[in-house]
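S.K.: Okay, here's the structure, questions in a sec.
The values are calculated or read from the model by the stated rules, or taken from the named source; none is laboratory data. Please read all numbers here as calculations on a predicted model, not as lab measurements. Cβ placement follows ideal geometry from the backbone for every residue including glycine, while neighbour counts extend to all protein chains displayed. The accessibility values were calculated without ligands, DNA or RNA, using every heavy atom of the protein model including side chains. Shrake-Rupley method; radii C 1.70, N 1.55, O 1.52, S 1.80 Å.
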Amino acid sequence: MNEIEILYKDKYFLVVNKPSGMLSIKGSRPEKGLSLIETLQEEYPSATIVHRLDMDTSGIMVVPLNKMAHRSISKQFQDRTTSKRYEAVVYGVMDDNHGEINESLIADKQNPPKQKVDNEIGKPSKTLFEVVGKTDKYTKLSLAPITGRSHQLRVHLLSLGYPILGDSLYSEGDAFNCVERLQLHSCMLKFKHPITKKDVEFKSDSKL
């Protein structure tokens with residue numbers, strides 16, 4: 001549990017900071033170590049998963065602690081009424097300071113677990129981006145995924161020619177080797193409390 005920072009706790013759900021390198025749920029390869037949900041269930045046996053972050057992505061996750069909270073929060077994710085924001089650092093200096101990416105995504109069956117752009121038969125996907133910082137080699141972005149496709153942010157940014165630093169699947173060369181971990185962090189999550197029905201918002205410093 002000392003790896004997982006608990007940002008908020010009540011009797012209905014936890015909000016936690018998942019570290020980079022930890023699976024959200026149990027995987028098929030034991031060498032990956034205990035997942036976030038397995039680790040939390042050691043202290044909170046009723047904890048369940050309603051959404052995931054990729055293993056190498058860090059940041060905020062909400063974890064329901066009873067069936068009622070699970071149903072309520074899960075439905076919010078399904079209905080896309082939650083609000084999420086990520087921060088990322090990409091390789092290259094972007095010209096546009098903000099915009100949106102609309103590229104349909106599909107599983108790359110020749111290269112699992114990769115995803116790829118396919119605007120004919122892929123699932124519609126949308127990401128909003130805003131530049132929050134630049135150096136002579138990199139760009140730091142604030143990202144708002146409107147849809148929640150697998151690897152969406154990673155593939156959308158790659159489609160623009162700006163791979164996320166440290167991405168073991170979608171970057172290579174200096175873009176991969178210049179950092180020790182994937183530079184992608186879930187920094188904000190907003191949803192309605194399952195009991196009060198009021199908006200609750202949680203933030204986490206990315207430290208990217």
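S.K.: Among (1) more than 30 Å from Lys197 (Cα to Cα); (2) touching a His at 6+ places or on another chain (Cβ under 6 Å), where does Ser58 come up short?
M.R.: The failed condition is (1).
S.K.: Taking only pairs six or more apart or across chains, which ones have beta-carbon atoms under 8 Å, a first residue in segment 64-82 that is over 9 Å from Tyr12 (Cβ atoms), and a second residue that is among the small types (Gly, Ala, Ser)?
M.R.: Phe77/Gly148; Arg80/Gly148
A quick yes/no check of all residues on (1) outside any loop (DSSP other than H, G, I, E, B); (2) buried (at least 20 other Cβ atoms within 10 Å of the Cβ); (3) not β-branched (Val, Ile, Thr):
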residue	(1), (2), (3)
Tyr8	yes, no, yes
Ser24	no, no, yes
Ala47	no, yes, yes
Leu53	no, yes, yes
Val62	yes, yes, no
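S.K.: Further question: Out of the residues in segment 188-208 that are over 18 Å from Val131 (Cα atoms) and of a type in the set (S, T, N, Q), which is least open to solvent (accessible area, probe 1.4 Å)?
M.R.: My answer is Ser204.
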